[in-house]
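Report on the structure given below.
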Amino acid sequence: MGRVTGEEALRPQSLMLTFLGDQVLGRDVCVYSGSVIDVFARAGVGEHATRSTLTRMVGRDLLRRQREGRRMYFGLTERAEAVLRDGERRIWQTGAVNRQWDGTWTLLGFSLPESWQRQRHDLRSQLTWSGFGPLFNGLWIAPGEIDVSALVAELGLSAHVKIFRAHADAGMDIGRMIEETWELSDLAAGYAGFVRRWKPWEDGLPDTDDALVLRLRLQTEWLRIVRRDPRLPVKHLPDDWPAEQAEKTFRTVHERLSPLARAASERLLDLVPVRSQA
């Protein structure tokens, strides 16, 4: 088998975060830049783009440099570890199918001056990222208890936002409300496309070196999809909701690729222990 058919373009930084979470997180090691360039070349990312990504991530306090002789190695910062742990939880613990919903909704109402277009855009973007959908123009809703107080404070909008926990009235058609508030067709298409691209690898095996790159792409694409998903309660979603099948495909392919990917990483990656910084 060759490359994943119909695969979507993935940002180098997204691939880099997956790579670091897979190979560096929790190991107290730094990875040689040349190793990263080699692996990313196999993933179709050029040397210039890889070096630029490493440099930008250092500037954003996501990576730290460590020189060993003539070689430059990169390790994680505390900020990067927090980002990667969050992604790890989203993939392996939270998952794509919400069966544990207890009927609680988080409601967030806001009223901003008409001239605050940028602030309104930033708030809506952050709310969408946090799983909220627009119930009405200034009233957004998310399943479960979502703590967005820090997010609102960071945007400087605490005085303009009110947050509540609520339960729907017994006569409320929650399924219809969900369909009107979130773009279910886009979410479903994302899951269906994932299955279409990756299901052939449930039975196929790549070359050892290709397995590392395939698993890198697999995890990056899966995390991007589940991060877009507000984890709506599955009992109120259409009967043919494709998230469960997609998650099964992800876990099956990941397990199948992992032994070969580990062997490739041991051969391809130059890792050194983290040295304490003065």
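The values are calculated or read from the model by the stated rules, or taken from the named source; none is laboratory data. Since the structure is predicted, the reported quantities are computational estimates derived from the model, not experimental observations. Cβ: placed from backbone, ideal geometry, glycine included. Neighbour counts: every protein chain shown. Heads up: the accessible areas ignore ligands, DNA and RNA and are worked out on the full protein's heavy atoms, side chains in. Shrake-Rupley method; radii C 1.70, N 1.55, O 1.52, S 1.80 Å.
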Q.
Just to check I understand the Karplus step: with θ = phi - 60° and J = 6.51 cos²θ - 1.76 cosθ + 1.60, what whole-Hz values come out for the stretch 113-124, glycine and proline as x?
A. x, 4, 6, 8, 5, 5, 4, 5, 4, 4, 5, 4
Q. Magnitude of the Cβ-charge dipole of the chain, K/R +1 and D/E -1, about the Cα centre, nearest 20 debye?
A. 940 debye
Q: Determine the shape class of the stretch 123-278: with a ≥ b ≥ c the square roots of the Cα gyration tensor eigenvalues, call it rounded for a/c under 1.5, and otherwise prolate if a/b is greater than b/c, oblate otherwise.
A: oblate
**Q.** Accessible area of the stretch 54-95 belonging to carbon and sulfur atoms, whole % at 1.4 Å probe
**A.** 42 percent
(Q) Test of the criteria: in the stretch 12-89, which trypsin sites (Lys or Arg not before Pro) are in a DSSP loop and have at most 13 other Cβ atoms within 10 angstrom of their Cβ? (A) 27, 60, 70
Q. On the accessible surface of the stretch 133-278, probed at 1.4 Å, how many percent belong to carbon and sulfur atoms?
A. 50 percent
Q) Counting Lys and Arg as +1 and Asp and Glu as -1, each charge on the Cβ, what is the dipole of the stretch 1-141 about the Cα centre in debye, to the nearest 20? A) 380 debye
Q: Only loop residues by DSSP count here, and only those with at most 15 other Cβ atoms within 10 Å; note down the GluC sites (Glu not before Pro) in the stretch 170-273 that meet that.
A: 183
Q) Considering the values (i) 1.13; (ii) 1.03; (iii) 0.98, which represents Cα Rg over 2.2 N^0.38 Å as calculated for the structure under consideration? A) (i)
Q.
Tell me the per residue accessible area of the chain using a 1.4 Å probe; a whole number in Å² is fine.
A. 54 Å²
Q: Report the antiparallel proportion of the DSSP beta bridges in the chain as a percent, rounded to a multiple of 5.
A: 95 percent
Q: Pull up the cross-link candidates among the aspartates and glutamates for residue 248, meaning alpha carbon to alpha carbon under 12 Å and not fewer than 8 places away within one chain.
A: 202
Q: Order 216, 271, most accessible first, counting only protein heavy atoms with a 1.4 angstrom probe.
A: 271, 216
Q | Positive-end residue, the stretch 1-129 charge dipole about Cα centroid, Cβ charges, pick of 46, 17, 92 | A | 46
